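To keep things clear, I will list the structure first and then write my remarks on it.
The values are calculated or read from the model by the stated rules, or taken from the named source; none is laboratory data. Fair warning: this is a prediction, and the values are worked out from it, not measured in the lab. We place every Cβ from the backbone using ideal geometry, glycine too, and count neighbours over all the protein chains shown. Note: areas computed on protein heavy atoms with side chains; ligands, DNA, RNA excluded. Shrake-Rupley method; radii C 1.70, N 1.55, O 1.52, S 1.80 Å.
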Amino acid sequence: MSSPGPTKEQPAKPEIVSYDPATGAEIGRVPNLNQAEVAAAVERARAAHANWRRLSFYKRAGYIWRAREIILAELDQLAELISREAGKPALEAISLDLSPSLDLMQYFARNSEKMLRPEKLNIGLFGLMGRSSRVEYQSLGVIGIIAPWNFPWGIPSGEVVMALMAGNTVVLKPSELTPLTGVKLGEIFARAGLPENVLQIVTGDGATGAALIEAGVDKIMFTGSVATGRKVAAAAGERLIPVVLELGGKNPMVVLEDAHLETAAEAAVWGAFANSGQACASVERCYVHESIIDKFTELVVAKTRKIRQAAGTSPESDVGAMSSENQLAIVDDHVSDAVAHGAKARTGGHRNSKLDGWFYEPTVLTGVDQSMKVMRAETFGPVLPIMPFCTEEEAIRLANDSSLGLTANVYTSDIGRGKRVARQIEAGTVMINEVIYTHGIAQTPWGGVKNSGFGRTHGKLGLLEMVSPRHIHINRAGFMPDLWWFGYTKTAGKMFRGLARRFATGSVLETTLVLPQMIKRFLEKKQ
Ligand code: NDP
């Protein structure tokens, strides 16, 4: 099948065409919005913010609950749309895109108010001086969400819900590979009665995403590749727009010698091949203790051979098509490079020639080493390279030998040992005896370290990305001047030194020893 999709080199087209990666058939078209159209959407969103931010949490949640009901009622149609656009099995669209999103909707509809409640701060000894502080959370304004194609529903819908619950309006730019799913998300919220312009979907290509930043939104939530993330951060930096970057992963799985082998092997297979390996948290490197690697590899190979590959819309599909020919070419390049350097493909190792679309066979590689592309660059495809290690220290060193740090997985039957290893791995999330799935837990933070980005989505930390904290400080003894104000006399000098030595210890007892100097200073200021 030739590549029917537009490439990024071609000049801007008035329309974006969405193709089914399993067949190459056109599914639909959407406008490729230009700079002026995106700027107009952001202006409308800014105007809508004035009313939206004033709504109570209860009212905002009402729209989320109604949208949730519509999603539930149309679950299978939505799964089919996601499956057709992104190539994944429809059941996986339910389990990995829609179901986590439904859970997140209920969680933030119920809990955002509590999480954003004004917070009284303990200001230590200043409190004894008649002062108090609290932090209140303000909506930011217009949040620009730039989303990838791999979880075209799960990723943007969660960010939309968190942004809306925090009182922001949203302009969402879906990937040009999955625009219809983005448009559907907007439609569902509109049918749920969401006021006009509170959520707008701007379809288009990379230039449309760039235009969203150019339009001066109040925050950018970007999920995508490291390369685009750099461009987004630079453009946002020019305008001092805060940005959360959720970028790629080269996620290691460490299988210690005391792991439950059968389960660890099954986890590796699902972790590497679910969503055709196109999850930012996919298992991309598997390090296995030398004493169990042969048995482990045999189990992995046997389980991989049982995987059924077919169009995502087929009920017989475990692994569907890749999202684009571009992505398939990257996978092919990484596997060919590994094989050329001595690796062995124990399964797969090539495109699935029995199927017409962009299918790559689930591939288990052995004989890999740390210098190969497949162990260094994000592959983002159905490839599981397996490599041995001798000691726990070596496993940790190998796991950390990457410029990326999104997730990591440790398999062991000794949880204490798992925690010890987990704490030494450089990643935003380390799962012990688990793979991929914590993005689906609404309560837990998601985000990376190193080149995997910064900032968090999901959980309270994710919700806090959607607000600006306003600190309100009250001095109830406002009728008195502060002792550290002008008039830097000798008395002031003595008192300042006393405060530096005693007040700054935080001890009430020590501070009382400065009281005589403070009284002197007070009397001096009164004159
Ligand atoms: P891309 O970086 O290619 O694109 C991401 C989004 O950015 C798309 O909507 C894209 O539009 C848009 N875009 C492209 N150029 C620009 C630009 N100059 N300015 C603003 N926006 C732009 O990523 P993919 O869609 O290919 O997604 C795959 C990547 O996403 C992988 O690296 C994966 O690891 C990462 N990812 C990270 C996750 C995380 O949580 N950390 C989760 C999921 C994926 P268009 O598609 O129209 O070009």
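A residue that is closer than 30 Å to residue 255 by Cβ, aliphatic (A, V, I, L, M) and assigned to a loop (DSSP other than H, G, I, E, B) can be found somewhere in region 421-434. Kindly provide the set of residues from region 215-241 that are acidic (Asp, Glu) and either modelled with pLDDT under 95 or under 24 Å from residue 463 (Cα atoms) (or both), ordered by number. Across region 215-241, the qualifying residue is only 218.
Give 301, 288 a once-over and let me know the one that is assigned to a strand (DSSP E or B) and away from the ligand (no atom under 16 Å from the Cβ).
When all the criteria are applied, what remains is 288.
Between 172, 121, the distinction of being buried (at least 24 other Cβ atoms within 10 Å of the Cβ) and more than 20 Å from residue 459 (Cβ to Cβ) belongs to 172 only.
Picking from 252, 242, which residue would you name as being within 16 Å of the ligand (Cβ to nearest atom), open to solvent by 40 Å² or more (accessible area, probe 1.4 Å) and not polar (S, T, N, Q)? Result of the check over 252, 242: 242.
Which members of region 235-252 meet the condition of being outside any loop (DSSP other than H, G, I, E, B) and farther than 30 Å from residue 372 by Cβ?
Within region 235-252, 235, 236, 237, 238, 243, 244 meet the criteria.
The residues listed here are 318, 332, 294, 356; of these, the one that is among the acidic types (Asp, Glu) and either open to solvent by less than 10 Å² (accessible area, probe 1.4 Å) or under 25 Å from the mean Cα position of the chain (by Cα) (or both) is 318.
Of the helices (runs of 4 or more DSSP H) entirely within region 15-91, those holding at least 3 residues that are of a type in the set (Asp, Glu) occupy 75-86. Can we say residue 499 is open to solvent by 50 Å² or more (accessible area, probe 1.4 Å) and either without any contact (Cβ under 8 Å) to a residue 24 or more places away in the chain or among the acidic types (Asp, Glu) (or both)? Judged against the criteria, residue 499 is not a match. Only one entry of 53, 84, 46 meets the criterion of being of a type in the set (Lys, Arg) and in contact with an Asp or Glu (Cβ under 6 Å, 6 or more places away or on another chain), and that entry is 84.
Looking across region 194-225, just one residue is within 10 Å of the ligand (Cβ to nearest atom), farther than 19 Å from residue 33 by Cα and either surrounded by fewer than 18 Cβ atoms within 10 Å (Cβ to Cβ) or without any contact (Cβ under 8 Å) to a residue 12 or more places away in the chain (or both), and that is 225. Just give me the residues in region 341-361 being of a type in the set (D, E, K, R) and under 24 Å from residue 313 (Cβ atoms), in sequence order. Residues satisfying the conditions are 351, 354, 356, 361.
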